[in-house]
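Enquirer: One structure, as structure tokens, below. Some questions next.
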Amino acid sequence: MRKRALVLGCTGQLGSYLLELLLEHDYECYGFVRRSSVGNVSRILHLYDKVKLINGDLTDTPSIEAALRISKPHEVYNCAAQSQVGTSFIEPIHTADTTGMGALRLFEAVRTHTSLSEGVRVYQPSSSEMFGLSSAPQTEETPFHPDSPYACAKTFAHHAAQMYRRAYGLFIACGINFNFESPRRGEEFVTRKITRALGRIQTGQQSVLRLGNLAARRDWSHAKDVAQAAWLMLQQSQPDNYVIASGVSHTVKEFVETAFNLAGLEWQKYVVVDPQHLRPLDVAHLEGCANKAKAWLKWEPTVSFLDLVKEMVTHDLQLADTESRVEPIDGRK
Ligand code: GDR
């Protein structure tokens with residue numbers, strides 16, 4: 001029998017890579033999609049005829065229950081959230097409602113719904129942001145010090161996942177994900193903001209790149225590798241928590257330098273530190289130790305920092321080049 005998977009947040013970076021992976025493994029795939037008047041499906045357009053999409057929202061319990069009823073999943077991947085840390089300071093309630101309560105609504109819907117809870121396996125993406133100021137390298141045992149509304153919401157969801165395991169025997173596995181990137185990364189996150197700006201600078205469409213904290217140190221891996229880890233977690237006999245990280249960290253400044261060097265540009269000529277992009281609190285150093293995932297899941301990150309930056313820069317230089325050549329038709333001619 002073909003396995004069925006429901007991917008919440010399937011239009012996002014991680015959700016789209018997960019759909020590809022699950023289709024490769026011959027799953028019958030369902031995607032849970034938030035309605036949007038401007039269209040938010042560009043990352044999964046190439047999968048449209050292979051995935052059944054169900055409209056819904058993590059703030060709306062009946063729509064989650066309907067998605068579970070329709071898809072009858074063996075595996076549920078909760079990739080839906082308000083995932084921007086900076087935005088969470090501006091929209092703390094919305095972030096708590098989607099990222100924190102949204103996960104709880106899903107767990108509760110799985111628990112109470114049908115015969116599902118018997119066999120269904122749930123993947124919950126927890127976040128390295130939960131560690132806050134705990135010193136690096138961080139492991140599954142490192143204490144949490146959430147320092148943003150987003151981190152608080154993720155910590156709540158992480159604890160709820162474990163409580164649902166213990167109280168009801170639900171299979172909920174948590175990937176404690178460090179930063180993960182790709183050419184599909186949203187443009188408001190720092191890596192993609194940098195590579196998109198680089199392309200526009202190269203093609204004369206932008207002259208200045210305004211950034212915030214250049215000293216922040218992050219552990220960046222490829223989103224495809226994180227999708228692979230998520231799937232592996234649900235193939236185990238027991239649910240557990242796993243740090244998913246490359247084990248190497250770089251500062252935002254190092255990302256900028258690497259990207260600009262690849263394009264042959266001097267970053268100092270273009271980058272301006274703008275206080276508007278500083279957060280009220282910003283985690284200084286995140287660097288994960290993924291030994292547990294390596295030992296139990298046989299997971300390994302496959303893309304180095306340099307190859308990740310290269311892939312994003314190459315993609316965004318091409319994209320900007322294409323954009324720069326789009327000329328509206330002059331209706332007078
Ligand atoms: P992060 O990712 O907050 O680590 O969370 P982000 O790319 O937004 O920031 C990384 C670091 O860069 C600094 N920074 C800037 N960030 C943004 N977005 N824009 C800027 O202009 C800028 N300038 C400097 C930030 O202050 C920060 O220190 C990501 C998200 O994907 C979360 O959902 C996920 O849980 C964690 O990674 C692990």
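The values are calculated or read from the model by the stated rules, or taken from the named source; none is laboratory data. Bear in mind the structure is a predicted one, so any value in this text is a computation, not a measurement. For neighbour counting, all protein chains shown are included, and Cβ atoms are generated from backbone atoms with ideal geometry for every residue, glycine included.
Enquirer: Between residues in segment 188-205 that are touching a residue at least 24 places away in the same chain (Cβ under 8 Å) and residues that are near the ligand (Cβ under 10 Å from one of its atoms) and aliphatic (A, V, I, L, M), which pairs lie under 6 Å by C-beta distance while being six or more apart or on different chains?
Expert: Within 6 Å, the pairs are 190/252; 194/256; 197/209.
Enquirer: Continuing with the same structure: Only one of these conditions is not met by residue 37: (1) surrounded by 22 or more Cβ atoms within 10 Å (Cβ to Cβ); (2) farther than 16 Å from residue 124 by Cβ; (3) away from the ligand (no atom under 16 Å from the Cβ). Which number is it?
Expert: All conditions are met except number (1).
Enquirer: If you take the residues in segment 160-206 that are away from the ligand (no atom under 16 Å from the Cβ) and in contact with a Phe, Trp or Tyr (Cβ under 7 Å, 6 or more places away or on another chain), which one is farthest from residue 141 (Cα to Cα)?
Expert: 170
Enquirer: Sticking with this structure for a sec: For residues that are of a type outside the set (Phe, Trp, Tyr), assigned to a loop (DSSP other than H, G, I, E, B), within 14 Å of residue 195 (Cβ to Cβ) and within 15 Å of the ligand (Cβ to nearest atom), tally how many sit in segment 236-271.
Expert: Looking only at that region, the number is 0.
Enquirer: Got a number for residues in segment 1-48 being under 19 Å from residue 232 (Cβ atoms), of a type in the set (S, T, N, Q) and either in contact with a Ser or Thr (Cβ under 7 Å, 6 or more places away or on another chain) or at pLDDT below 95 (or both)?
Expert: 1
Enquirer: Select from segment 285-321 the residues that are of a type in the set (A, V, I, L, M), exposed (fewer than 14 other Cβ atoms within 10 Å of the Cβ) and either within 15 Å of the ligand (Cβ to nearest atom) or under 21 Å from the mean Cα position of the chain (by Cα) (or both) and list them in ascending order.
Expert: 306 - this is the single residue of segment 285-321 that is of a type in the set (A, V, I, L, M), exposed (fewer than 14 other Cβ atoms within 10 Å of the Cβ) and either within 15 Å of the ligand (Cβ to nearest atom) or under 21 Å from the mean Cα position of the chain (by Cα) (or both).
Enquirer: Now for a different question. Looking at segment 152-196 only, could you name the residues that are touching a strand residue (DSSP E or B) at 6+ places or on another chain (Cβ under 8 Å) and basic (Lys, Arg)?
Expert: Scanning segment 152-196 gives 154, 165, 192, 193.
Enquirer: Could I ask something else about it? Show the residue pairs that are 6+ apart or on different chains and have beta-carbon atoms under 6 Å apart, the first residue being within segment 206-222 and touching a residue at least 24 places away in the same chain (Cβ under 8 Å) and in a strand (DSSP E or B), the second being surrounded by fewer than 22 Cβ atoms within 10 Å (Cβ to Cβ) and of a type in the set (Asp, Glu).
Expert: Cβ pairs passing all conditions: 210/274.
Enquirer: Keeping to segment 129-148, report how many residues are out of contact with any Asp or Glu (no Cβ under 8 Å at 6 or more places or on another chain) and either within 15 Å of residue 103 (Cβ to Cβ) or surrounded by 24 or more Cβ atoms within 10 Å (Cβ to Cβ) (or both).
Expert: So in segment 129-148, the residues out of contact with any Asp or Glu (no Cβ under 8 Å at 6 or more places or on another chain) come out as 130-131, 134-135, 139-145.
With the extra rule that they be either within 15 Å of residue 103 (Cβ to Cβ) or surrounded by 24 or more Cβ atoms within 10 Å (Cβ to Cβ) (or both), the set shrinks to 130-131.
The number of residues fulfilling the criteria is 2.
Enquirer: Could you go through segment 224-235 and let me know if any residue there is aromatic (Phe, Trp, Tyr), under 19 Å from the mean Cα position of the chain (by Cα), closer than 30 Å to residue 120 by Cα and more than 12 Å from the ligand (Cβ to nearest atom).
Expert: Taking every residue of segment 224-235 in turn, at least one turns out to be aromatic (Phe, Trp, Tyr), under 19 Å from the mean Cα position of the chain (by Cα), closer than 30 Å to residue 120 by Cα and more than 12 Å from the ligand (Cβ to nearest atom).
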